[in-house]
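These notes concern the structure reproduced below.
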Amino acid sequence: MSGSTSDRGAFGSQFGFVMAAAGSAVGLGNIWKFPYITGENGGGAFVLVYLACIALVGLPLMYAELIVGRRGGSDVLGSLRKLTAEHGALGNALSWFTGLLAVTTGFLILSFYSVVAGWALHFLFVSLGVVPGGETAAATFTGVGGSFGWSALWHTVFMLMVVGVVAVGVQGGIEWACKRLMPALFAILVLLLVYVGVTGGLGESLTFLFKPDFHKLTGESVLEALGHAFFTLSLGMGAMVTYGSYVGSDRHVVRDGVWIALLDTVLALMAGAVIFAVVFSQGAEPGAGPGLVFVTLPDLFAGMPGGTFVAVAFFLLLIFAAWSSGISLLEVCVAWMHDQLGLPRRVAAAMMGFAIWLTGLAAANGALTDDGVLAVLDDVTTRYMLPGGGLLVALAAGWLLTKEDREAGFASLGLWGARLASVWTVLIRFVTPALILLVVLAKLGIVDLSSDPPAEDDAAAALESRP
Ligand code: PHE
């Protein structure tokens with residue numbers, strides 16, 4: 001069933017792989033979502049919980065996905081099938097279900113992700129003065145998000161950017177692009193940090209991010225933090241399995257996994273630091289919700305020295321981040337079509353790209369309404385499909401892989417490796433699945449974690465509005 005693996009492609013270097021995987025992880029989740037959910041959930045305490053989720057659920061799953069890809073050497077479905085073969089029907093059924101769920105999740109996420117990324121393109125061109133904007137950022141935002149035509153146009157452009165890279169190949173396309181996008185993104189963030197260091201607000205911003213006030217934490221916030229840990233690390237839909245399958249040896253799996261998670265976390269915190277510095281220096285509210293980067297920030301930029309330049313840099317940052325993530329979402333689907341159905345990469349990229357583009361058009365319609373296709377897709381994929389996929393991968397990796405496959409990535413770490421391997425085994429078998437299950441049950445309303453009294457001074461949250 002599996003297509004030939006000789007023409008699958010491979011990353012040319014370890015650095016290229018880490019850039020691609022970190023490029024997948026660092027995306028709208030870091031620059032758009034992390035700051036606004038941190039703002040809504042009161043800052044420091046939420047950040048601490050989020051860091052704990054990355055460590056307890058994110059890192060173990062990251063390792064699980066990478067090792068499945070490296071040992072399996074194929075797309076999500078193919079890799080899982082190979083590694084669980086000795087479990088017969090159970091392994092086969094779990095592999096099929098997990099594999100198809102992963103591909104569907106990637107497909108659906110990219111269809112709406114591309115629409116949101118398209119808005120960033122719009123803002124970039126408005127900031128450059130190429131495309132007319134509204135009087136205020138809010139007007140620009142409703143102008144693009146509330147218009148099917150504009151949203152569809154930018155969504156089309158973004159999909160072409162993504163398909164164009166994936167069609168070229170793993171090394172010449174994905175690796176080539178991410179090796180440039182990631183350092184550029186980092187450089188822009190450093191520049192912006194220096195800028196807010198000079199223009200003010202950085203101190204207040206860092207206090208907001210790092211000084212925990214546990215009164216502001218609710219059960220809901222904990223769930224939100226855990227759910228976001230999946231999304232931001234690109235876990236639960238086979239992106240890391242797929243990228244992991246393009247690297248030859250298991251030697252550096254642990255180190256690479258830590259690097260990917262570390263880069264993702266550091267970049268999210270840097271983006272948060274910049275954004276809240278701007279917010280505080282202009283006396284705005286941190287809890288502005290999903291409109292934070294599109295509605296609040298652009299107006300604040302306008303009031304700052306060199307505002308146009310800052311706005312251009314910021315939206316470029318957002319686009320670079322989204323682009324490398326979009327690439328990985330498409331790659332999961334393309335690798336599946338190539339490895340399982342035997343289609344050439346270019347054909348697979350074009351076909352999948354077209355189907356995702358079509359689905360995205362539905363998301364572009366009524367994108368700002370709470371019950372529109374975009375909102376529903378966002379909700380279903382991040383709340384249920386990613387955690388569900390993560391749970392299945394954890395169970396497969398923890399219980400169905402052979403000990404040799406499971407622990408392969410720790411082998412090169414000597415005595416420490418053996419210790420880490422046993423800690424990881426306990427986490428992936430029990431702790432990670434239990435925490436994921438808790439989140440899913442809570443989201444379904446079966447377990448109630450949200451009975452804590454809401455924080456008194458959460459008037460800020462009331463400001464949340466999708467215009
Ligand atoms: N991690 C990406 C982000 O933070 C989103 C993503 C999810 C990408 C799942 C690939 C797979 O924006």
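What follows is calculated from the coordinates using simple rules that are stated; it is not laboratory data. Fair warning: this is a prediction, and the values are worked out from it, not measured in the lab. Neighbour counts run over all protein chains shown; Cβ positions are idealised from the backbone, glycine included.
Observations on the structure shown:
- Under the criterion of Cα pairs below 8 Å and six or more residues apart, the relative contact order for the stretch 14-450 equals 36 percent.
- Remark: F301, F315 ranked as F301, F315, counting other beta-carbon atoms within 10 Å and listing the fewest first.
- Anisotropy class of the stretch 14-450 from Cα gyration tensor, a/c 1.5 cut: prolate
- Binning the alpha carbon pair distances of the stretch 1-107 at 5 angstrom intervals from zero yields the distribution 2, 10, 13, 19, 18, 14, 11, 7, 4, 2, 0, expressed in whole percent.
- Projected area averaged over orientations for the stretch 27-169, convex hull of C-alpha atoms, nm²: 12.0
- Residue-averaged [θ]222 nm for the chain, counting only DSSP H segments that reach four residues, each worth -39500 (n - 2.57): -22000 deg cm²/dmol
- Sorted by Cβ neighbour density within 10 Å, fewest at the top, the residues Y384, Y195, Y63: Y384, Y195, Y63
- Over 25 Å between alpha carbons, listed pairs K33/K211; K403/K443; K82/K403; K211/K443; K33/K82: K403/K443; K211/K443; K33/K82
- Amide N of the stretch 352-395 lying under 20 Å from the label point, which is placed 7 angstrom from the Cα of D7 along Cα→Cβ: 352-353
- Membrane-span-like helices in the chain, defined purely by DSSP H runs whose alpha carbon atoms cover 24 Å or more axially and whose average Kyte-Doolittle hydropathy reaches 1.0, are 88-127, 148-168, 176-199, 253-281, 307-341, 345-364.
- Dividing the mean sequence gap of close Cα pairs (under 8 Å, 6+ apart) by how many residues the stretch 1-135 holds gives a relative contact order of 12 percent.
- Taking F34, F309 and counting other C-beta atoms within 10 Å, the order from fewest to most: F309, F34
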